[in-house]
Amino acid sequence: MILQSVGRDGTKDIAFTVSRDSAKEVAKLLETSLDFARDAQIVCDTDVAKISIVGAGMQTHADTASKMFGALYRNDINIEMIAASEIKISVLISAKDAERAVEAVHDAFMNE
């Protein structure tokens, strides 16, 4: 996942995911390789999980995203990042919520 948002004072915020095993190394590489503004910072959060729903049928079923997001909302699971394509929706959530999130999304689609 990679997301860019409008930052502050002419800057941009960029967030992306890498494997947990690579996270610390990537953060260190960024700190030593890039010229950051004085107040810029790199935040490395390894306490997250990514869950996805995948399927070509999402193109013809407009309610797929709302079904997934609703299941997470009803189970009080906060979405930190969202990435979507024609056949996949991925969300980044707290690792502590991963099992509940998978169960909630599974139930939302299997118990229609």
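When only residues in the range 7-25 that are within 21 Å of Val91 (Cβ to Cβ) and touching a strand residue (DSSP E or B) at 6+ places or on another chain (Cβ under 9 Å) count, which is surrounded by the most Cβ atoms within 10 Å (Cβ to Cβ)? Ranking the qualifying residues of the range 7-25, first place goes to Thr17. For the structure I just gave you, tell me whether Ala27 is closer than 21 Å to Gln4 by Cα and not charged (D, E, K, R). Answer is yes for this residue. Taken over the range 73-96, the residue count meeting the criterion of being over 13 Å from the mean Cα position of the chain (by Cα) and assigned to a helix (DSSP H, G or I) is 3. Among the residues of the range 39-60, which ones are closer than 21 Å to Glu99 by Cβ and either of a type outside the set (Asp, Glu) or modelled with pLDDT under 85 (or both)? Passing the criteria: Thr46, Val48, Ala49, Lys50, Ile51, Ser52, Ile53, Val54. When we screen Phe69, Phe36 for residues that are in the same structural domain as Arg8 (by TED's automatic domain parsing) and either modelled with pLDDT of 90 or more or assigned to a loop (DSSP other than H, G, I, E, B) (or both), the only hit is Phe36. Count of the range 101-112 residues, restricted to those that are surrounded by fewer than 15 Cβ atoms within 10 Å (Cβ to Cβ) and either among the aromatic types (Phe, Trp, Tyr) or in a helix (DSSP H, G or I) (or both), is 6. Selection of the range 72-105 for residues being farther than 23 Å from Asp45 by Cα and at pLDDT 95 or above yields Arg74, Glu103, Ala104, Val105. Total residues in the range 39-66 satisfying the condition of being within 20 Å of the chain's Cα centre (by Cα) and in a loop (DSSP other than H, G, I, E, B): the figure is 9. Residues that are closer than 16 Å to Lys96 by Cβ and polar (S, T, N, Q) were ranked within the range 61-82; the one that is surrounded by the fewest Cβ atoms within 10 Å (Cβ to Cβ) is Asn78.
The values are calculated or read from the model by the stated rules, or taken from the named source; none is laboratory data. The structure displayed is predicted, hence computed values, not measured ones. Note that we place each Cβ from the backbone using ideal geometry, even for glycine, and neighbour counts take in every protein chain shown.
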